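*Asks:* The following block contains the structure, expressed as structure tokens.
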Amino acid sequence: MPVIQEEPSGCGIASVAALAGVSYQEAKDAANDLGIYAHDSRLWSETQYITILLRHFGLSAADVELPFVSWRLLPSLALLSVKWHIEKGRPYWHWVVFWRSPDGPLVFDSKKTLKTNIRTDFGRIKPKWYIPIEKGSHNCKLP
């Protein structure tokens with residue numbers, strides 16, 4: 001299930017929380033213990049912090065960012081960078097979770113103001129790249 005971000009910049013923390021099956025607060029506390037803070041722009045302009053937080057919860061992510069080609073070619077579970085843009089020469093994005101569920105593909109989007117945080121409006125979502133979440137992640141709460 002999606003986890004709603006409690007801070008405007010907490011999408012990475014919320015995405016990891018959704019994958020790990022924990023609350024936003026639990027993921028935020030773990031992140032803070034690791035020196036990762038939602039207000040630190042590196043959480044949404046670099047991938048290192050997200051992979052550290054994933055590992056903390058026993059989740060494995062690929063070490064590479066793969067360019068998005070099509071929804072059909074995505075793996076069964078991935079973190080996507082959407083709303084990708086450049087500010088002052090630095091890339092920024094919004095993290096979302098892609099899951100090929102038994103009922104069909106969907107995206108968990110943590111943005112608080114959405115009518116629904118489970119999205120299937122793929123034509124409106126514009127991923128730039130993705131990071132596969134490895135199936136061997138023993139603590140992933142999604143089947």
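*Asks:* Pairs under 6 Å by beta carbon, first residue charged (D, E, K, R) in region 114-127, partner in a loop (DSSP other than H, G, I, E, B) and modelled with pLDDT of 95 or more, six or more apart or different chains?
*Replies:* Filtered contacts from region 114-127: Arg119/Asp109.
*Asks:* Kindly provide the set of residues from region 57-89 that are part of a strand (DSSP E or B) and under 15 Å from the mean Cα position of the chain (by Cα), ordered by number. Before the answer, list the steps.
*Replies:* We begin by selecting, within region 57-89, every residue part of a strand (DSSP E or B); these are 61, 66-67, 77-87.
Once the filter is applied, which keeps residues that are part of a strand (DSSP E or B) and under 15 Å from the mean Cα position of the chain (by Cα), region 57-89 yields Ala61, Leu66, Leu77, Ala78, Leu79, Leu80, Ser81, Val82, Lys83, Trp84.
*Asks:* Also, I was wondering about something else. Mind listing just one residue for me: the one in region 104-113 that is within 18 Å of Leu19 (Cβ to Cβ) and without any contact (Cβ under 8 Å) to a residue 60 or more places away in the chain and, of those, surrounded by the fewest Cβ atoms within 10 Å (Cβ to Cβ)?
*Replies:* First, the residues of region 104-113 that are within 18 Å of Leu19 (Cβ to Cβ): 105-111.
Of the ones still in play, those that are also without any contact (Cβ under 8 Å) to a residue 60 or more places away in the chain are 105-107.
On the way: Pro105: 14, Leu106: 16, Val107: 21.
Taking the candidates together, the pick is Pro105.
*Asks:* If you don't mind, another one. Scan region 90-101 and tell me whether some residue there is without any contact (Cβ under 8 Å) to a residue 60 or more places away in the chain and outside any strand (DSSP E or B).
*Replies:* Pass one, region 90-101, residues without any contact (Cβ under 8 Å) to a residue 60 or more places away in the chain: 90-93, 98-101.
Retained after the next criterion (residues that are outside any strand (DSSP E or B)): none.
Scanning region 90-101, I find no residue that is without any contact (Cβ under 8 Å) to a residue 60 or more places away in the chain and outside any strand (DSSP E or B), so the answer is no.
*Asks:* Hey, another quick one. Does Leu53 meet the test of being among the hydrophobic types (A, V, I, L, M, F, W, C) and surrounded by 14 or more Cβ atoms within 10 Å (Cβ to Cβ)? Steps first, please.
*Replies:* Details: among the hydrophobic types (A, V, I, L, M, F, W, C): yes; surrounded by 14 or more Cβ atoms within 10 Å (Cβ to Cβ): yes.
Against the criterion (among the hydrophobic types (A, V, I, L, M, F, W, C) and surrounded by 14 or more Cβ atoms within 10 Å (Cβ to Cβ)), Leu53 qualifies.
*Asks:* Could you list, in sequence order, the residues of region 20-55 that are part of a helix (DSSP H, G or I) and among the acidic types (Asp, Glu)?
*Replies:* Residues of region 20-55 part of a helix (DSSP H, G or I): 20, 24-33, 41-44, 48-55.
Glu26, Asp29, Asp33, listed by residue number.
*Asks:* Could you tell me which residue of region 28-79 is modelled with the highest pLDDT, considering only residues that are of a type in the set (S, T, N, Q) and closer than 21 Å to Asp109 by Cβ?
*Replies:* The first filter runs over region 28-79 and keeps only residues of a type in the set (S, T, N, Q), leaving 32, 41, 45, 47-48, 51, 60, 70, 76.
Next cut, closer than 21 Å to Asp109 by Cβ only: 41, 45, 47, 51, 70, 76.
Details: Ser41: 82, Ser45: 83, Thr47: 90, Thr51: 93, Ser70: 97, Ser76: 94.
Top of the filtered list is Ser70.
The values are calculated or read from the model by the stated rules, or taken from the named source; none is laboratory data. The model shown is predicted, which means the values in this text are computed figures rather than measured ones. Quick reminder, even Gly has a Cβ in these numbers, built from the backbone with ideal geometry, and neighbours come from all protein chains shown.
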